[in-house]
Amino acid sequence: MADLIQRTAELLVNARQVVALTGAGISVESGIPPFRGKGGLWEKFDPMEVAHIDAFLNDPETVWNLLIKDMKTVLDTARPNAGHIGLVDLERLGVLQTVITQNVDGLHQLAGSSDVIEFHGNFAWLRCLDCSQRIKSTEVDLTRIPPHCQCGGIFRPDCVFFGEMIPHEALVRSQQLSAACDVMLVIGTSATVQPAASMPLIAKDNGADIIEINPEPTPLTARISDLPLMSAAARLMPRLVAAVRQRLPAG
Ligand code: OAD
């Protein structure tokens with residue numbers, strides 16, 4: 001592992017443009033369960049029944065009660081961990097430019113990352129199904145489920161449900177950055193949900209090196225990962241940041 005970290009650090013300091021793609025795994029050490037695998041949310045629920053837009057539109061009250069309320073409780077108190085902070089450190093060292101995240105927890109921004117593309121939206125915001133007003137969930141009465149807008153419409157979380165399009169700007173910018181980067185750090189994602197899972201493939205097709213940080217193998221590992229670092233992100237990132245620092249001129 002020590003050798004892999006050194007090689008990764010070398011790639012990062014010599015890269016022109018580095019982009020990170022993150023998934024639920026980076027927030028596991030912040031106490032947020034992932035979706036797949038042991039202890040994952042989709043072990044408890046069928047995503048087509050609670051996370052598909054049709055399920056929400058058919059029965060918003062049930063989806064709010066089954067999924068959204070509990071998720072909000074966890075997300076509202078979660079704090080960034082050493083994985084998120086490591087990405088901030090890489091940005092401040094001038095090594096990393098942008099984080100594309102599938103997460104809706106806002107923890108990259110809370111940690112201090114300045115350029116975060118939220119591929120699947122953000123759970124801290126709600127949007128009215130009728131008038132499209134967007135509002136912070138802290139400003140809404142959540143004792144009445146589903147919560148209602150002043151116009152009478154029902155609020156939904158401002159995130160992407162299954163069966164919905166990715167926000168246009170987030171998708172286009174992610175595709176452009178994936179094609180332009182020369183190193184992509186893929187952290188804590190099972191790389192199974194499209195179109196996010198295509199970003200590393202776009203990067204690879206355009207000549208980038210793929211660094212994967214994940215304790216488990218993914219469909220990318222054997223196929224396109226140049227440096228698979230099989231470890232929890234919060235354990236690995238501080239070591240990677242230290243190795244990058246050693247290679248940069250002091251000051
Ligand atoms: P998943 O739950 O599918 O995958 C989490 C990944 O994180 C797995 O590959 C784990 O091995 C890895 N992992 C677990 N603990 C880790 C740790 N401590 N450090 C690093 N990696 C760790 O999550 P995503 O790939 O993010 O979509 O899922 C993608 C999308 O599927 C989500 O954005 C969500 C979900 O349905 C929507 O809500 C639209």
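In terms of the Cα gyration tensor, with a ≥ b ≥ c the square roots of its eigenvalues, is segment 1-77 rounded because a/c is under 1.5, prolate because a/b exceeds b/c, or oblate?
It comes out prolate by the Cα gyration axes.
When the Cα centres of segment 1-27 and segment 79-108 are compared, how far apart do they sit, in Å?
If we compute the Cα centre of each part, the gap is 12 Å.
What is the angle, in °, between the Cα long axis of helix 82-92 and the longest principal axis of the Cα atoms in the chain? Nearest 10 is fine, range 0 to 90.
For 82-92 against the chain, the angle is about 60 degrees.
Give me the extension gain from T221 to I135: residue separation times 0.36 nm, minus the current Cα-Cα distance, reported in nm with one decimal.
Stretched fully, the T221-I135 segment lengthens by 27.0 nm.
Show that you can apply the helix-only estimate: for the chain, add -39,500 (n - 2.57) for every DSSP H stretch of four or more residues, divide by all residues, and state [θ] at 222 nm to the nearest 500.
-10500 deg cm²/dmol
Just want the ordering: R173, R16, from fewest to most Cβ atoms lying within 10 Å of their own Cβ.
Result, fewest neighbours first: R16, R173.
Could you grab the relative contact order for segment 119-251? Cα pairs under 8 Å, six or more apart, rounded to a whole percent.
It comes to 17 percent, rounded to a whole number.
Do you know the relative contact order of segment 90-176, to the nearest whole percent, from alpha carbon pairs under 8 angstrom that are 6+ apart?
The value is 26 percent.
Among rounded, prolate and oblate, which fits segment 138-251 when a ≥ b ≥ c are the square roots of the eigenvalues of its C-alpha gyration tensor, a/c under 1.5 means rounded, and a/b larger than b/c means prolate?
Prolate, since a/c reaches 1.5 and a/b exceeds b/c.
For the chain, what is the relative contact order in percent, using Cα pairs closer than 8 Å and at least 6 residues apart in sequence?
26
Please compute the modelled spin-label separation between A180 and T143, points set 7 Å along Cα→Cβ, answer in nm with one decimal.
With each label point 7 Å from Cα toward Cβ, the separation is 4.9 nm.
Working from Cα positions, state the angle (0 to 90°, nearest 10) between the long axis of helix 233-247 and the longest principal axis of the chain.
Rounded to the nearest ten degrees, it is 40.
Read-outs: derived from the displayed coordinates by stated rules, not from any lab. Being a predicted model, the structure only gives us computed values, none of them experimental. Glycine also receives a Cβ, built like all others from the backbone with ideal geometry; neighbour counts cover every protein chain displayed.
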